[in-house]
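Below is one structure, written out as structure tokens, with a few remarks after it.
The values are calculated or read from the model by the stated rules, or taken from the named source; none is laboratory data. The model shown is predicted, which means the values in this text are computed figures rather than measured ones. Quick reminder, even Gly has a Cβ in these numbers, built from the backbone with ideal geometry, and neighbours come from all protein chains shown. Remember, those area values only see protein heavy atoms, side chains included, never the ligands or the DNA or RNA. Shrake-Rupley method; radii C 1.70, N 1.55, O 1.52, S 1.80 Å.
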Amino acid sequence: RITGEYATVSNYPGTTVEVARALARFSGTTWEVVDTPGIYSLSPITDEELVTISILLKEKPRAVIHVADATNIPRMLGLTLQLAEAGLPVVLALNMSDEARSRGIRLDVEKLRKALGIPVVETVAATGQGTRMLCHAATHVQSPVIKIDYGPDLEPEIDKIAALLDEHPSITRRALAILLLQENPANVAAILPQMDAARAAMILQHVSKVRMKLPHSVVYHITLTIKEKVDGILTDCLAYERPLSDFREKLGNLLLRPVLGLPVLAVVLYFGLYQLVGKVAAGTVVDFLDAKVFERHVAPVAARVVSIIPWQTLQDLFVGRYGLVTLALRYALAIVLPIVAAFFLVFSLLEDSGYLPRLAFLSDRLFKRLGLSGRAVIPIVLGFGCGTMATVVTRTLETRREKIIATFLLALAIPCSAQLGLVLGLLSSSGGGLAAWAIIVTIVFLAVGTIAGKLLPGPQPSFYMEIPPMRIPSPRNVLAKTWSRARWYVREIIPIFLAASIILWAADTAGLFSLALRILTPPVRIMGLPPEAATAFIFGFFRRDYGAAGLYDLQKAGLLNGAQLATAAIALTLFIPCFPQFLIMKKERGGLFTIITLCIVSLVAWTVGFVSNRMFSLIGFRF
């Protein structure tokens, strides 16, 4: 609303992982607006929270806008107090204020403003209400003067540590001292190396002294003190009226229970993914674009245009078997794009409705068996959109153990939106084949996840997540999200598909592609597939959807029967991740982990493919 730029945001934690920056002009001045990951306190737990605190420490903001949920003010105000006590020029934006009023929450904004000593603005981001006033407040805000009394055990040590610290360009020395007392390694690493060893040693002595005094941790003591301060402020500012019976609230509570939540999940999967993505997008739309647009019009025109090139090899670069037009653009625009757009539409509806956090709650018990918590449902579900993006989002998980398990499962058994849509489209005519694919991939996901959870040491993960209210998705927001994500996907996949096509053409011309095919042909034959299927697995390394599109061509040519198609879909789903996801895995988890993962994933894919084919043959499945 402030910048006019669109960013992918949702009403559940874990989406905004990377920092977004954009320019905005208001009050006659151009400003850089920085959107950081969300935090609840200055005691960071996850990597995304560390990013935000790092920005507050390293950059000198002209204003800090704390966007708080007006429906949950007691939970939000603690961070506001910490930001204000740190001397940051903070403005409190009470967003979703219209929803708070509809739920019977009555807040005296003027009293809250006086109690905090900072500007407080009620906003409704969905409509733009209050944003102009918010911008005005941000341009005129000053650093507040507020001090929280942490009691006789902490206050003397806070003063002593603060006296040893240098002035900081962004926050007060008192705030730095409080950060150091919480003994977060990231805070210590950001502050202590900047001073001489003698002062650093004295500070650590004070930190150790406080730890000896308190019966609980410093973080617990600070959190409890801030909560008491918040409760005292809100006593005179906040009141709750009995709201009218809200059907959405009752529905949201019911969806947290398996008796209704699981049937609703089945309905979402059937109508949202199977019917819309699998039948309509991967069936009707893809058939129209591929058969009637590309084959009848685009390919013949391209062939006539490149026929002026005198060298057949160069003609093949554009319209040959691995041509830029006949393979790359056809796969990207006629096969992948409709499926991706349909998936993003369904996904946007789900996340804007508030359904996904309830799915996380329902899945927590199951995920605990895999060494994860319900919070991991966010990167896992995002993996059905894009495995590369989901691998980045594993940063939101608390422990390194959870991040390793989630990254491994994303690489193994989570198909991206385009691959999922293509598989649904390929197997939609065979209910048995689709069921076999879904059941076997799910079994592999659960079995491998359980083994990984048992083998990797570490404590049982905890689970906490704010559950937003159920909402009727705004058509405008859903369409904006779908359009933005589809546009981003096209910008990403077209260059990759074109590059992959050039590499395949060059490798085919040089005879290297034939060598790769000969290497992959034996394991493909072991799975009971024709040797031509090796091509799809090679394609799959460039992008998973590229490989699934290769199966589409094999089916179209009549080279795969129902059982073979199901086997190929299972093995390709479990096959190594695409090249972009491979690079992100290396960046996030390291090269050794990535290599080990690729080896294990390949072995699992071939083994499960072989076992599936043998099982289909023994039982006599023909699909």
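Structural remarks
- Straight-line cross-link reach from Lys111 at under 21 Å between alpha-carbon atoms covers these lysines, not counting any fewer than eight positions away in the same chain: Lys147, Lys227, Lys229.
- Extension gain, Ser208 to Ser143: 0.36 nm times the residue separation minus the Cα-Cα distance gives 20.3 nm.
- Helix 47-58 axis, angle to the chain major axis (alpha carbon atoms, nearest 10°): 50 degrees
- Partner lysines whose Cα lies under 23 Å from the Cα of Lys292, excluding those fewer than 8 positions away in the same chain, are identified as Lys279, Lys556.
- Probing with 1.4 Å while keeping every protein chain in the model, the per residue accessible area of the chain equals 46 Å².
- Crossing angle, helix 218-235 versus the chain [Cα axis fit, 0-90 degrees, rounded to tens]: 70 degrees
- Each label was represented as a point 7 Å from its Cα along the Cα-to-Cβ direction; for Lys111 and Thr127 these points are 2.5 nm apart.
- Secondary-structure-derived ellipticity at 222 nm for the chain, considering helices only, amounts to -18500 deg cm²/dmol, per-run term -39500 (n - 2.57) for DSSP H runs with n ≥ 4.
- Stretch in the chain that is longest and holds no trypsin sites (Lys or Arg not before Pro) that DSSP places in a loop and that have at most 15 other beta carbons within 10 Å: 370-621
- Protein accessible area in the chain, 1.4 Å probe - carbon and sulfur %: 64 percent
- The range 364-381 versus the range 33-99: alpha-carbon centroid distance in Å: 27 Å
- Candidate cross-link partners of Lys114 among the aspartates and glutamates, defined by an alpha-carbon separation under 12 Å and a same-chain spacing of 8 or more, comprise Asp236.
- Between the beta carbons of Asp231 and Arg304, assuming R0 = 56 Å, the FRET efficiency works out to 0.15 to the nearest 0.05.
- In this structure, the amide hydrogen of Ile65, modeled 1.01 Å from its nitrogen in the peptide plane, lies closer than 5 angstrom to those of Val91, counting only residues at least 5 positions away or on a different chain.
- Placing unit charges on each Cβ (+1 for Lys and Arg, -1 for Asp and Glu) gives the chain a dipole about its Cα centre, and among Ala200, Val393, Ala20 the Cα reaching farthest toward its positive end belongs to Val393.
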